[in-house]
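Have a look at the structure below, then the notes.
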């Protein structure tokens, strides 16, 4: 509850390393209310490519020059942390212009429990890239009692 007695709305924004943040942010701004709103962003990390990095034949091909190097789990973790930091920074910049409380969490895409604990009201909204529809997490999302909005790449 806020000071004037109205319910605090929550928007849960689900993102992955492939998410188009401007498209998702446009969807967030469409759901911002005049009242106090909390934005919880969950970065869903996909472990499949980290598992691929543990294979002995996996190589990283450099964008410039075309050279290659062994792609190790350590390198995969470093790239994952870079993605997370970049996404969190961009979302903080977007959120700075609005009056919302901002929280950022990281979860594995294969972890499907706990989302329902974050969205407890039918007034809450989940905004996610449409690419999550084909993933196991979709079954958890479909059970939620809140409003759900999937955003297509390049549109809303």
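A short reminder: the numbers here are calculations on the coordinates, not readings from a lab. Please read these numbers as outputs of a predicted model, since none were measured by experiment. Note that we place each Cβ from the backbone using ideal geometry, even for glycine, and neighbour counts take in every protein chain shown.
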Pull up the DSSP beta bridges for the chain and report the antiparallel fraction as a percent, rounded to 5. 10 percent
Full-stretch length increase - residue 68, residue 48 - with 0.36 nm per residue and alpha-carbon distance subtracted: 5.2 nm
Put in order of increasing Cβ neighbours within 10 Å, starting from the fewest, 23, 124 give 23, 124
Can you give the extra length, in nm with one decimal, that the chain gains between residue 78 and residue 133 once fully stretched, where that is 0.36 nm per residue apart less the Cα-Cα distance? 17.1 nm
With the crude spin-label approximation of a point 7 Å out along Cα→Cβ, what separation in nm comes out for residue 140 versus residue 116? 1.2 nm
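Return a whole-number percent for the relative contact order of the stretch 9-151, with Cα pairs under 8 Å and 6 or more residues apart as the contact set.
Once divided by the residue count of the stretch 9-151, the mean separation gives 33 percent.
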Quick one: helix 21-31 against the long Cα principal axis of the chain, what's the angle to the nearest 10°, folded into 0 to 90? 10 degrees
Hey, fewest Cβ within 10 Å first, where do 130, 45 land in order? 130, 45
For the chain, what mean projected area does the convex hull of the alpha carbons give, in nm²? 10.6 nm²
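Work out how much length residue 36 to residue 99 would gain on full extension: take 0.36 nm times their residue separation and subtract the Cα-Cα distance, in nm to one decimal.
21.9 nm
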Counting other beta carbons within 10 Å of each residue's own, what order do 74, 37, 120 fall into, fewest first? 74, 120, 37
Which angle between 0 and 90 degrees, to the nearest 10, do you get for helix 73-96 versus the longest principal axis of the chain when only C-alpha atoms count? 30 degrees
